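The values are calculated or read from the model by the stated rules, or taken from the named source; none is laboratory data. All values reported here derive from a predicted model rather than from experimental measurement. Positions of Cβ are generated from backbone atoms using ideal geometry, with glycine treated the same way; all protein chains shown enter the neighbour counts.
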């Protein structure tokens, strides 16, 4: 039934409950199967009001900027030239934008566009976005559990990911990483080898 009663929460109640659990990746993946997206005819998918769409920064509108790849956006904001007065007004927000984009580049996500829908990210991409977010927030005393964060990374980006993991460790966090990548294992402080076979025979 769509609506529940005392003994059954109903379909709507079930999905309402799942919304409270969507901080978990597998719940977000499950929810994505039952959601559809349609392009808004008013904003043409920009997800901004007309006033925001009319704003231009460095000759580009906000919808044009969010369609950039992260690497292109990072270069755009690094090269952005403003008047002395506007630079002073925007100083803090520009610093934060540049820092966040650099973290995303550092974890090997420079190819994503800023408009990319979260539900379309792979598990590895979602983990690395979370890493970049946490690195930007400078949290300490946290335990991070990561499941193969190097999946999908080009070998040249692996060293940058390892450096970020080391930075998180060095500011006072603990990282537990499940990984098959040799370079990541060599960078670990301790290795717990589970095996040799799958499931109940090892790992």
- Give the number of residues within the range 151-164 that are surrounded by 12 or more Cβ atoms within 10 Å (Cβ to Cβ) and more than 14 Å from residue 105 (Cα to Cα). 2
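Which helices (runs of 4 or more DSSP H) does the range 1-98 wholly contain that include 3 or more residues that are surrounded by fewer than 14 Cβ atoms within 10 Å (Cβ to Cβ) and more than 20 Å from the chain's Cα centre (by Cα)?
Values: elements: 10-19, 25-32, 50-53, 62-66, 70-79.
Counting at least 3 such residues, we get 10-19, 50-53.
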- Task: Return yes or no: is residue 52 touching a helix residue (DSSP H, G or I) at 6+ places or on another chain (Cβ under 7 Å), modelled with pLDDT under 90 and at negative phi?
- Result: no
- Item | Qualifying positions in the range 153-191 - in a helix (DSSP H, G or I) and within 15 Å of residue 103 (Cβ to Cβ) | 157, 160, 161, 162, 163, 164, 165, 166, 167, 168
- Query: Pick from the range 164-178 the residues that are in contact with a helix residue (DSSP H, G or I) (Cβ under 8 Å, 6 or more places away or on another chain) and at pLDDT below 90: which of them is nearest to residue 138 (Cα to Cα)?
  - Reply: 168
- Task: Could you please find all residues in the range 100-124 being surrounded by 13 or more Cβ atoms within 10 Å (Cβ to Cβ) and more than 15 Å from residue 66 (Cα to Cα)?
- Result: 102, 103, 105, 106, 107, 108, 119, 121, 123, 124
- What single numbered condition from (1) over 27 Å from residue 31 (Cβ atoms); (2) part of a helix (DSSP H, G or I) fails to hold for residue 132? (1)
- Item | Residue count for the range 132-145, restricted to those that are in contact with a helix residue (DSSP H, G or I) (Cβ under 6 Å, 6 or more places away or on another chain) and crowded, with 16+ Cβ neighbours inside 10 Å | 2
